[in-house]
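Please read the structure below before turning to the comments.
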Amino acid sequence: MTEYNPDWPDLFSAEAAELSRVFGDQLLQIHHIGSTSVPGLKAKPIIDIMPVVKDIRAVDELNDRMEELGYEAMGEFGIPGRRYFRKGGDRRTHQVHVFETGSPNIRRHLAFRDFLRAHPEEARNYGELKAALAQLYPNDIQGYMAGKHGYIQRVEAEALSWCVNHGTGGLNR
């Protein structure tokens with residue numbers, strides 16, 4: 001877990017440009033999500049990227065091109081309708097979560113991000129929780145993820161409601 005790095009948005013932009021070339025006319029949108037997308041939030045220094053595509057099945061035909069960029073294709077990897085790619089092996093640098101337009105997962109990810117951006121106190125609480133869990137579970141990703149689960153569920157529900165009430169729909173960049 002590290003303090004927020006102001007270079008993270010630039011790292012996202014550079015990788016998003018590469019991914020845009022790979023996805024071509026399938027790509028509708030590309031978003032910076034996850035903890036590195038929230039200014040001031042402590043995070044593992046892994047850039048999470050969410051491309052939104054026209055047809056998720058077409059993404060499977062791009063696995064070779066993603067591998068040329070250094071990504072490992074992981075298929076759905078536990079989330080139906082997603083295509084997940086990771087880069088950097090054990091020292092992961094990027095994660096790509098591809099969803100087809102209309103997937104409820106798109107709104108969920110963007111609402112959580114936008115809510116934390118608009119609520120720095122909540123972002124600080126999340127950062128402190130993640131730091132404590134990283135210390136408690138340094139070699140146990142399952143324990144770390146389980147420790148965050150309840151918090152994420154609560155804030156995500158609040159974030160989705162907040163987005164509806166504030167007209168953002170979770171689609172702020």
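The values are calculated or read from the model by the stated rules, or taken from the named source; none is laboratory data. These figures come from a predicted structure and were not determined experimentally. All Cβ positions, glycine included, derive from the backbone under ideal geometry; neighbour counts span all protein chains shown.
Looking at MET145 and the list (1) buried (at least 19 other Cβ atoms within 10 Å of the Cβ); (2) in contact with a Leu (Cβ under 9 Å, 6 or more places away or on another chain); (3) of a type in the set (A, V, I, L, M, F, W, C), which single condition is not satisfied?
Going through (1) buried (at least 19 other Cβ atoms within 10 Å of the Cβ); (2) in contact with a Leu (Cβ under 9 Å, 6 or more places away or on another chain); (3) of a type in the set (A, V, I, L, M, F, W, C) one by one, MET145 breaks only (1).
Among the listed residues ALA73, ALA134, ALA58, ALA123, which satisfies the condition of being of a type in the set (A, V, I, L, M) and in contact with a Gly (Cβ under 9 Å, 6 or more places away or on another chain)?
Working: ALA73 fails: in contact with a Gly (Cβ under 9 Å, 6 or more places away or on another chain); ALA134 fails: in contact with a Gly (Cβ under 9 Å, 6 or more places away or on another chain); ALA58 fails: in contact with a Gly (Cβ under 9 Å, 6 or more places away or on another chain).
Exactly one residue qualifies, and that residue is ALA123.
Only one of GLY88, GLY70 is touching a Ser or Thr at 6+ places or on another chain (Cβ under 9 Å), small (Gly, Ala, Ser) and surrounded by 13 or more Cβ atoms within 10 Å (Cβ to Cβ); which?
Working: GLY88 fails: touching a Ser or Thr at 6+ places or on another chain (Cβ under 9 Å).
Being touching a Ser or Thr at 6+ places or on another chain (Cβ under 9 Å), small (Gly, Ala, Ser) and surrounded by 13 or more Cβ atoms within 10 Å (Cβ to Cβ) holds for just one of GLY88, GLY70, which is GLY70.
Under 7 Å by Cβ, and 6 or more places apart or on different chains, what pairs join a residue from the range 1-26 that is touching a residue at least 40 places away in the same chain (Cβ under 8 Å) with one that is surrounded by fewer than 18 Cβ atoms within 10 Å (Cβ to Cβ) and not small (Gly, Ala, Ser)?
MET1/LYS44; THR2/PRO45; ASN5/PRO45; GLU18/LEU69; VAL22/ARG65; VAL22/LEU69
From the list ARG117, ARG113, which one is charged (D, E, K, R), closer than 18 Å to GLY40 by Cβ and touching a Pro at 6+ places or on another chain (Cβ under 8 Å)?
Step by step, each of ARG117, ARG113 is checked, and only ARG117 is charged (D, E, K, R), closer than 18 Å to GLY40 by Cβ and touching a Pro at 6+ places or on another chain (Cβ under 8 Å).
Only one of these is at pLDDT 95 or above, hydroxyl-bearing (Ser, Thr, Tyr), surrounded by 14 or more Cβ atoms within 10 Å (Cβ to Cβ) and within 15 Å of the chain's Cα centre (by Cα): SER13, SER103. Name it.
Only one candidate passes the filter, namely SER103.
Of the residues ARG82, ARG65, ARG91, ARG57, only one is touching a strand residue (DSSP E or B) at 6+ places or on another chain (Cβ under 7 Å) and among the basic types (Lys, Arg); which?
Exactly one residue qualifies, and that residue is ARG82.
List the residue pairs whose Cβ atoms are under 6 Å apart, where the first residue sits in the range 80-107 and is closer than 18 Å to ASN63 by Cα, the second is among the aromatic types (Phe, Trp, Tyr) and buried (at least 20 other Cβ atoms within 10 Å of the Cβ), and the two are 6 or more positions apart or on different chains.
ARG82/PHE99; PHE85/TYR71; LYS87/TYR71; VAL96/PHE85
Which one of ALA111, ALA58, ALA123 is over 27 Å from TRP162 (Cα atoms), modelled with pLDDT of 95 or more and assigned to a helix (DSSP H, G or I)?
The conditions single out ALA58.
Go through the range 19-53 and count every residue that is more than 27 Å from TYR137 (Cβ to Cβ) and either surrounded by 17 or more Cβ atoms within 10 Å (Cβ to Cβ) or of a type in the set (A, V, I, L, M, F, W, C) (or both).
Here the count works out to 11.
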